[in-house]
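Structure record follows, encoded as structure tokens.
Read-outs throughout are calculated quantities, based only on the coordinates presented, and are distinct from any laboratory measurement. Nothing here was measured: the structure is a model prediction, and the numbers come from that model. Backbone-built Cβ (ideal geometry, glycine too); neighbour counts: all protein chains shown.
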Amino acid sequence: MESFRYFLPAMDLIFGRGNLECVRSEVKKIGKKALLVTGKKSMEKLGFLKKSIDSLEKEGLDVVHYGEVEPNPTVDIVNKGAEKAIDSCCDIIVGLGGGSAIDTAKNIAVVAGHYEGERRSIWEFAGVHDKPRQITLKTLPVVAITSTSGTGSHVSRFAVVTNEETREKIGIMSPFICPKLSIVDIDILSCMPSSLTSKTGFDALTHLMECFVSKRGNPITDLYCLKAMELIFDYLPRAYNDGGDVEAREAMALADIFAGWALVTSRPVLPHALSHPVSAFYPEIDHGVALAALTPEIMRFNIERGNEQTISKYCQIAKVGEEKIDSCKREEAFKSVKVVQKLLEKIELDLTLKDLSVEENSFEGMVESAFATMKGPIEANPIPVTREDILDLYSRSM
Ligand code: NDP
Ligand code: MN
């Protein structure tokens, strides 16, 4: 066995139905004044924003609401939130929502925590520079209350942000942005409409499949991946067809956590490397949708060129998806693409980049963006790739 290193996130995780209430007693152990970060609509409309504020205030906490987060949050959204946290002297950042709200909360915690009289931008902390500003223990504590099951952001040390000017979408990584407390309330997750369930659920599946075949995987992440892929193949179509199916929601929430914990050590590979530029160039294309359009062709590519170990991994994915595998050969490994396509059909996400109105004239720019911002996932791919390969994969996904 190859030697490996596993990062175990230190956090308090509360999982179950109706436990948004726990926020009140738990958060006051961590801070006194909270910046509550949400998207623009859903949490307010569904009543969870008011519930959170009431709970926190009942315990004597001061709450400042920042509800400006949009999907694929930008540097500007993070910096404005950080300004609010600094001006209001918040000492804890609570993210309530999907990956966008939670990532923004984490990034705000970085900027506000490192404030020393001079305003900084989250982009200064991004790994795209030769010498990014260090993220340290000064980062404010983060509490995450997830409203989607897909990004694993509520249990991970990553936070994604998009730079609109440079059209780059990157993941900030630090153990200090891991939420101290993470609340998974199935009642909030049950409110997801079916289209959100499919997009986010497929995102979680790609985290698992990618971490499983990744060069950076290890026996611990493999365990999480195998169990959670099985949960998703079984339960995502159920959650998609009936949002109120509590068992399916619980299974998806669990799979999302396992995926997050696989991601903390292993690395995603090409589908994430190629999907970030798609959302950076076309912000209206959601992360999970971009992944759905790219994943099947990338799987084929990896299987076409894969060595024995990679082929074996794809055969195991096929088996988890309930394809019968006689002996693990390259031909059999292609069955993994079949199970993924079947799943995509069931959740109505079987689409191409063309369906999403991606234009061929953006391919060159997207390839550059992938190499500039997604070097880690590109290098973690089990098959080495060139610029031409990536260009070809974008074309094949049309
Ligand atoms: P978002 O947080 O972007 O939310 C998508 C939409 O769904 C929003 O319009 C939001 O509304 C709405 N919504 C969220 N929860 C509910 C709910 N329970 N009921 C009804 N509507 C709801 O979705 P994701 O969770 O998929 O996050 C995607 C982001 O996370 C991307 O930026 C992606 O790059 C990033 N990401 C981060 C990772 C990480 O490790 N940190 C890993 C993978 C992806 P509103 O805006 O009004 O709240
Ligand atoms: Mn993802």
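Among 56, 46, 36, the ranking by other beta carbons within 10 Å of each residue's beta carbon, starting with the fewest, stands as 46, 56, 36. Axis angle, to the nearest 10 degrees, between helix 75-87 and the longest C-alpha principal axis of the chain: 20 degrees.
I want to verify a result. In a Gaussian network model of the chain, Cα cutoff 10 Å, which of these has the top mean-square fluctuation: 323, 116, 210? Fluctuation is largest for 116. For the chain, the longest principal axis of the alpha carbon atoms and the long axis of helix 48-58 meet at an angle near 40°. Once C-alpha pairs closer than 8 Å and six or more residues apart are averaged by separation and normalised to the residue number of the chain, the relative contact order reads 15 percent. Taking Cβ separations below 4.7 Å as the criterion for a possible disulfide partner, the isolated cysteines in the chain are 22, 89, 90, 178, 191, 211, 225. Among 42, 194, a tally of other beta-carbon atoms within 10 Å of each Cβ gives an order, fewest to most, of 194, 42. Angle of helix 308-320 to the longest C-alpha principal axis of the chain, folded into 0 to 90 degrees and rounded to 10: 70°.
Shape class of the stretch 328-398 from the Cα gyration tensor (axes a ≥ b ≥ c, square roots of the eigenvalues): oblate, since a/c reaches 1.5 or more and a/b does not exceed b/c.
Within the listed set 244, 321, 117, the residue fluctuating most in the Gaussian network model of the chain (springs between alpha-carbon atoms under 10 angstrom) is 117. Per-residue Cβ neighbour counts within 10 Å put 182, 357, 195 in the sequence 357, 195, 182, beginning with the fewest. Sequence-distant contacts, meaning Cα pairs under 8 Å at least 6 residues apart, place the relative contact order of the stretch 137-216 at 39 percent. Each residue, residue 32 and residue 88, gets one label point 7 Å from its Cα in the Cβ direction; the gap between the two is 1.6 nm.
Compute a Gaussian network model of the chain, connecting alpha carbons closer than 10 Å, and tell me which residue from 69, 143, 128 fluctuates the most. Top of the fluctuation ranking is 128.
3J(HN,Hα) couplings calculated from phi for the stretch 237-251 with the Karplus curve 6.51 cos²θ - 1.76 cosθ + 1.60 (θ = phi - 60°) are, in sequence order, x, 5, 4, 5, 7, 9, x, x, 6, 4, 4, 5, 4, 5, 4 Hz; Gly and Pro show x.
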